[in-house]
Structure formats: C-alpha cells, structure tokens
Amino acid sequence: MIFNFGSINIDYFYSVPRLPEKGETLAAEEFAMGLGGKGANMSVAVARAGTQICHVGAVGEDGRWTKETLRKDGVDVEFVKVLDKPTGHAVINRDKDGENTIILFPGANEQQDEDVLAEALLQAKQGDFFLMQNETNLGTHAAHLARDYGLTVAYVAAPFDAEAVQTVLPYADILILNEVEMAQLQKANGQSASELSVDLVVVTKGSKGCSVFGKESGDFHLPAHPIEAVDTTGAGDTFAGYFLACLDRGFDPRKSAEIANMAAAIMATRKGTADAIPYASEVVGL
C-alpha cells in the first residue's frame with residue numbers, strides 16, 4: 001500500500017509554436033484543461049500500475065471534479081479535503097518538440113492539515129510506502145511522521161528547493177530526482193548520488209535514461225526507450241509512480257526502474273498529464 005501526500009492541480013495547457021522569450025507574446029494554437037500536479041500524477045500512475053494508493057491532499061470548491069477524477073481512477077480520496085481556498089493550478093506552455101515551461105500556483109496544496117495527515121497514516125501498516133514531493137506544506141513534518149509510523153519514505157525532490165531537500169533527506173529511504181536537481185543538490189551539500197546516506201537514489205535523465213544508486217541493489221544505468229516525444233510534462237511523475245508501485249509489488253529496483261522507464265516513455269508520446277499516463281496493460285513487464 002502506498003500513501004501519497006501530494007499536490008492536486010488543475011492544469012491549463014497551451015500549445016505554442018515555440019516557447020516564448022522574455023517579454024514576448026505568442027498566440028496559442030490549442031488549449032486544454034485537465035488533472036495535474038505532481039502528487040495527483042503520481043497517484044494516477046500508481047493506480048494504473050495496479051497498486052493500492054491513498055492520496056492525502058487538498059483542493060478548493062473549484063477542484064471537486066479533480067477529486068472525483070482521482071476516485072474514478074482507483075485512488076482512495078477519503079483524505080483529500082475540500083477547503084475554502086482555490087485549487088492549485090499550473091499554466092503549461094508546450095512547443096512542437098514536446099518541451100515545456102510551467103507556472104505554478106500552489107493554492108490549497110499549501111494548506112494541508114497535520115491532523116488529516118495523522119488520521120490518514122493511522123490506516124497504514126509498518127512497511128507501507130509513504131510518497132511525497134515539494135508541492136505541499138508540512139514536508140519535513142510529514143516525512144518525520146511517516147518514518148515514526150514505520151513507513152518507507154520515498155521523496156521526489158521536485159520542485160527542487162535545496163533547503164527543503166536538506167531537511168527531508170534524513171528521513172528519506174528512497175530519493176527520486178532528475179539530473180538537474182541532482183546537480184543542484186550536489187552543489188548544495190557536496191555529495192554525489194552514490195555518497196548520499198539514502199538507501200536508494202534514482203536519477204532520471206530524460207532521453208538519456210536513468211541511473212540508480214542502491215546500498216543493497218548496487219549502482220546501474222538504464223538507457224531510455226527511443227521515442228518521438230510529444231509532451232514531456234508529467235513523464236517524471238509517471239516514472240516515480242510506476243517505480244514505487246513496482247517496489248510495493250515486490251519487484252527489485254532494476255526491474256522496477258525498467259518498467260518505470262517504459263511507462264514514462266509511453267506517457268511522453270502523448271499530450272496531457274494524468275490522463276496520458278499508461279495503464280499496466282500497456283507496459284511490458286507488468
């Protein structure tokens with residue numbers, strides 16, 4: 001079982017001929033709206049990978065539909081609270097090569113309640129996974145509480161904030177981040193991925209695949225699947241969700257990373273975020 005303490009956003013997509021430069025105005029060629037947020041994306045990925053997932057989070061009245069969308073995907077949303085705050089949202093510009101820029105408004109994601117989190121974790125069993133990222137408040141408190149409950153803490157260190165990462169790392173068993181974030185972390189603390197005290201470190205590298213550094217599994221690198229990317233938004237979240245789902249199902253880190261790599265590649269060939277995440281039936285190895 002995985003408990004995901006994470007963000008829920010409404011994503012607004014604008015397809016543009018190229019990413020705008022400073023001070024430039026561009027006309028969008030297409031517009032779409034959908035469920036997003038790193039937390040929600042990962043919950044959908046876990047659910048579609050066939051693993052039980054309980055999401056702990058918050059939305060506003062304008063985001064009730066996002067809660068229902070998660071529920072329909074098989075996510076337990078008992079602890080997603082509706083607050084008198086606007087739902088978090090993201091404005092995403094994506095170009096013809098699938099690259100993007102994102103502006104994020106946190107909204108209700110930064111109004112999480114300690115009591116709701118504690119109530120949710122009362123449902124957990126020792127050995128369950130606790131998944132978290134940096135799009136909510138209470139990050140360090142959540143990691144500390146989950147560790148106290150005997151959960152395996154998996155931390156996706158994005159959006160990257162050096163101070164936040166430094167305070168959460170002592171409680172993390174698994175760290176997932178991209179190569180840019182890993183470089184930022186190494187600059188902040190002087191340690192490479194293999195030197196961190198975390199049991200399992202996964203560094204995603206986009207078109208270059210991913211590298212895994214494990215105290216027990218050893219270190220290894222997996223190449224990316226050759227694809228023609230349409231939209232890379234949420235591919236990292238898809239990787240993280242599938243990776244954790246596979247670990248929860250008893251796969252070793254290498255097998256879990258292989259499956260997560262494929263799921264992320266499939267996702268990047270589609271437009272959208274949560275709605276573009278593949279199902280287990282589409283991913284070889286599951």
> Does Ile53 meet the test of being farther than 20 Å from Pro159 by Cβ and surrounded by 21 or more Cβ atoms within 10 Å (Cβ to Cβ)?
Replying inline: yes
>> Restricting to region 191-222, give me the number of residues that are touching a helix residue (DSSP H, G or I) at 6+ places or on another chain (Cβ under 8 Å), charged (D, E, K, R) and over 10 Å from Glu179 (Cβ atoms).
In response: 1
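For the structure I just gave you, tell me whether Val203 is without any contact (Cβ under 8 Å) to a residue 40 or more places away in the chain, more than 30 Å from Ala32 (Cα to Cα) and assigned to a strand (DSSP E or B).
yes
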>> With the requirement that a residue be in contact with a helix residue (DSSP H, G or I) (Cβ under 8 Å, 6 or more places away or on another chain), part of a loop (DSSP other than H, G, I, E, B) and either at pLDDT 95 or above or open to solvent by 40 Å² or more (accessible area, probe 1.4 Å) (or both), what does region 136-158 give you?
In response: Thr136, Asn137, Leu138, Tyr149, Leu151, Ala157
> Counting just the residues of region 79-94 that are more than 20 Å from the chain's Cα centre (by Cα) and either part of a strand (DSSP E or B) or of a type in the set (Lys, Arg) (or both), which one comes out surrounded by the most Cβ atoms within 10 Å (Cβ to Cβ)?
Replying inline: Lys85
> Name the residues in region 248-286 that are over 21 Å from Cys54 (Cα atoms), acidic (Asp, Glu) and assigned to a helix (DSSP H, G or I), would you?
Replying inline: Glu258, Glu282
>> Tally up the residues in region 228-286 that are touching a strand residue (DSSP E or B) at 6+ places or on another chain (Cβ under 6 Å) and within 15 Å of Asn178 (Cβ to Cβ), please.
In response: 6
> What number of residues in region 103-116 are under 20 Å from the mean Cα position of the chain (by Cα), surrounded by fewer than 21 Cβ atoms within 10 Å (Cβ to Cβ) and not in a strand (DSSP E or B)?
Replying inline: 3
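The values are calculated or read from the model by the stated rules, or taken from the named source; none is laboratory data. No experiment lies behind these values; they were computed from the predicted model shown. As a convention, Cβ positions derive from the backbone with ideal geometry for all residues, glycine included, and neighbour counts pool all protein chains shown. We work out accessible area using only protein heavy atoms, side chains counted, and drop any ligands, DNA or RNA first. Shrake-Rupley method; radii C 1.70, N 1.55, O 1.52, S 1.80 Å.
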